[in-house]
1. Please pick out the residue among B:V105, B:V154 that is over 30 Å from B:R197 (Cβ atoms), surrounded by fewer than 23 Cβ atoms within 10 Å (Cβ to Cβ) and within 14 Å of chain A (Cβ to nearest Cβ).
2. Go through (1) surrounded by fewer than 21 Cβ atoms within 10 Å (Cβ to Cβ); (2) in contact with a helix residue (DSSP H, G or I) (Cβ under 9 Å, 6 or more places away or on another chain); (3) away from chain A (no Cβ under 13 Å) for B:T189 and report which single condition fails.
3. Looking only at the stretch B:54-63, filter to residues that are loosely packed, with under 13 Cβ neighbours inside 10 Å and polar (S, T, N, Q); which one of those is nearest to B:I234 (Cα to Cα)?
4. What are the pairs with Cβ atoms under 7 angstrom where one residue, in the stretch B:227-240, is over 21 Å from B:A101 (Cβ atoms) and the other, located anywhere, is surrounded by fewer than 24 Cβ atoms within 10 Å (Cβ to Cβ) and among the hydroxyl-bearing types (S, T, Y)? Sequence gap at least six, or different chains.
5. Can you run down the residue pairs with Cβ atoms below 7 Å, 6 or more apart or on separate chains, where the first is in the stretch A:58-70 and open to solvent by 80 Å² or more (accessible area, probe 1.4 Å) and the partner is of a type outside the set (D, E, K, R) and at pLDDT below 75?
6. Against the condition within 9 Å of chain B (Cβ to nearest Cβ) and in contact with a Gly (Cβ under 8 Å, 6 or more places away or on another chain), how does A:G259 come out, does it pass?
7. So, A:V138, is that one over 27 Å from A:F287 (Cβ atoms), free of Cβ contacts under 8 Å to residues at least 60 places away in the same chain, within 14 Å of chain B (Cβ to nearest Cβ) and in contact with a Ser or Thr (Cβ under 9 Å, 6 or more places away or on another chain) or not?
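The values are calculated or read from the model by the stated rules, or taken from the named source; none is laboratory data. Just so it is clear, the model here is predicted, and its values are computed rather than measured. In this analysis, Cβ positions are derived from the backbone assuming ideal geometry, glycine residues included, and neighbour counts consider all displayed protein chains. We work out accessible area using only protein heavy atoms, side chains counted, and drop any ligands, DNA or RNA first. Shrake-Rupley method; radii C 1.70, N 1.55, O 1.52, S 1.80 Å.
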Amino acid sequence: MGRYVTRRLLQMIPVVIGTTFIIYALVWALPGDPFAGRCGARPCPPAYVQAMTDKYNLDDPLPIAYVKYLGSLLQGDFGETFQGLSVGEELLRAYPTTVKLALVAIAFEILIGIGAGILAGLRRGSFIDNLVLVSTLVVVSIPVFVIGSVLQLFLGMRWGIFPATVGGDASLYNLILPGFVLASLSLAYVARLTRTSLAENRRADYVRTAIAKGLPQRRVIGIHTMRNSLIPVITFIGADFGALLGGAIVTEGIFNVPGVGNLIFRSITTRDGVMVTGAVTVLVLVFLLVNLLVDLIYGWLDPRISHG
Amino acid sequence: MADPTPPVVLEVEAPAATETTVRTLGRDAWHDLVRKPTFIISAVLFLFFVTIAVVPSLFTSLTPTDCDLALSRQGPSSAAWFGYDNNGCDVYTHTIYGARASIMVGVLTALGVLILGGVAGTVAGFYGKATDTLVSRLGDIFFGIPLLLGALIVLVSFPGNAETPELVTISKVVLALAVLGWPQIMRITRSSVLQVRSADYVQAARALGAGGARMILKHVVPNSIAPVIVVATIAIGGYIAAEATLSFLGVGLQPPVVSWGLAISRAQDYVRTSPHMLLFPASALSLCVLAFIMLGDAIRDALDPKLR
């Protein structure tokens, strides 16, 4: 177990370095003057350009500038944006909202996704089964920004059931609609995965044994079948949680949620390189760590899989 | 002199014999496919959208530039079934002409990903050892960058303007998506090639003295490509949605190009008063994505012998 974790952590290092290097190179090394439009209509004063060039090591060749950046990153210093804001503080401010939004989305995936999957999986070929299959296919085909815009139009503006935008007040109630939109795609996958997994396990030997022992239907399904069927579903939801923690650019944009996705989108469009590299580094790390955690949980839930 | 009747008798007997001939996997899959309603529906939709993309003038007598500001944002009527947009352009015409850019991006991206990921995956799977490690880790690095986020950074770094030719704008989006999307195909190709590599017929070819290139092209690729093609087909739907999302965020395709994503993006500002501007292009987009996903699903079911 300890060796497995160590090996996985070591394998992460080249991935993190590679990812951050690509982002760093894309942001800094591409053609175009990094100071264009930075100082309003006038060109920037030479003193300012000089100070900023020194601050971000813009005169160094790319690999050296990158290594310097990585060095300060290892000391926990994410640097400052062109406006002098601390990247670390900005990320800390945005993160709680994104975590809350991700939790709301996961709650929808569990409630609706697993619920619909169980209903469909228990009665294969029935009306409910076909309804779930068709509706998940439809949901998968509608891009998230379309679902977001349409739900915002009807539920938010026309009928006023939910607030149309979140703004500064990221309360749980305000996050219900964006959370549902964010969950929609994965919700459909969860439902399908639960259905397949359940249908497969209902024919398993241990289920037949449980029925033969004379256990009531409720116990056979609730305890024996369900616990085994939900293992792949839980790992899918776990991996999805890792991705959601990276922020949702589209959903946060539509509903004006002040989370990490919004922050990243804003800094990409204003070409705020330090913020982009810092945020991407954090979200790649979170994504990899959550995935490692999910793999460990998988081994714990299903002892047949060992990480010896 | 000789009477030509005997051959006719033989021909009459022939059809009975073909009933029992062995069908190949491809023929078998086709036999299954044409009896599946989802395949028929998705194939008809697919042909419909491809026809629209190739010859949009078949479906509308107007062109996207036939606009009359006096008609700005008028709702659907008998004269214009889908209504007019902000510039007084016919939304129906724009929806028809939008198919071309969207489908082009989807198909070209799938081709690019197929070439990049297919070659990388075949090489990694066939040669194994250090090559495999190198390619797989490289794939991990690109896999760690979220598709949308990476494409955003690439596209913001190479901005275009209204004078950029249509084809350049489209290929920029295609390149951005393909460069970040290839690891998915690489992983599937690799695992598919790994299964085939140790097969008897490959070993036989090796024993007969076939070189690496010959074994790959004649034996490995034809036997491992089916699942890859299926995933690529399903992915076309995803790429169309990704293009629309990027255009929606304002960095994908740019205004002289007509696309669904752009139309939806423009509609956002007037969604409260003129929802028809949003709903019609959004429906076309979703229907098109649905067609590709359903088509890929049906082909996968037909090609997968385990589901028989």
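1. Working: B:V105 fails: surrounded by fewer than 23 Cβ atoms within 10 Å (Cβ to Cβ).
Unique residue meeting the criteria: B:V154.
2. (1)
3. As a first pass, look at the stretch B:54-63 and keep what is loosely packed, with under 13 Cβ neighbours inside 10 Å: B:54-55, B:57-58, B:61.
Checking which are polar (S, T, N, Q) leaves us with B:57, B:61.
Details: B:S57: 28, B:S61: 33 Å.
So, considering only residues that are loosely packed, with under 13 Cβ neighbours inside 10 Å and polar (S, T, N, Q), the one nearest to B:I234 (Cα to Cα) is B:S57.
4. Every condition considered, the pairs that remain are B:P227/B:S192; B:V228/B:S192.
5. These pairs meet every condition: A:D59/A:T53; A:K68/A:N57.
6. On the way: within 9 Å of chain B (Cβ to nearest Cβ): no; in contact with a Gly (Cβ under 8 Å, 6 or more places away or on another chain): yes.
It is false that A:G259 is within 9 Å of chain B (Cβ to nearest Cβ) and in contact with a Gly (Cβ under 8 Å, 6 or more places away or on another chain).
7. Working: over 27 Å from A:F287 (Cβ atoms): yes; free of Cβ contacts under 8 Å to residues at least 60 places away in the same chain: yes; within 14 Å of chain B (Cβ to nearest Cβ): yes; in contact with a Ser or Thr (Cβ under 9 Å, 6 or more places away or on another chain): yes.
Criteria met by A:V138.
Residues are listed down the side, and each one gets a yes or a no for (1) over 20 Å from the mean Cα position of the chain (by Cα); (2) among the aliphatic types (A, V, I, L, M); (3) open to solvent by 10 Å² or more (accessible area, probe 1.4 Å):
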| site | (1), (2), (3) |
| --- | --- |
| B:I96 | no, yes, yes |
| B:G125 | yes, no, no |
| B:D140 | yes, no, yes |
| B:L148 | no, yes, yes |
| B:F158 | yes, no, yes |
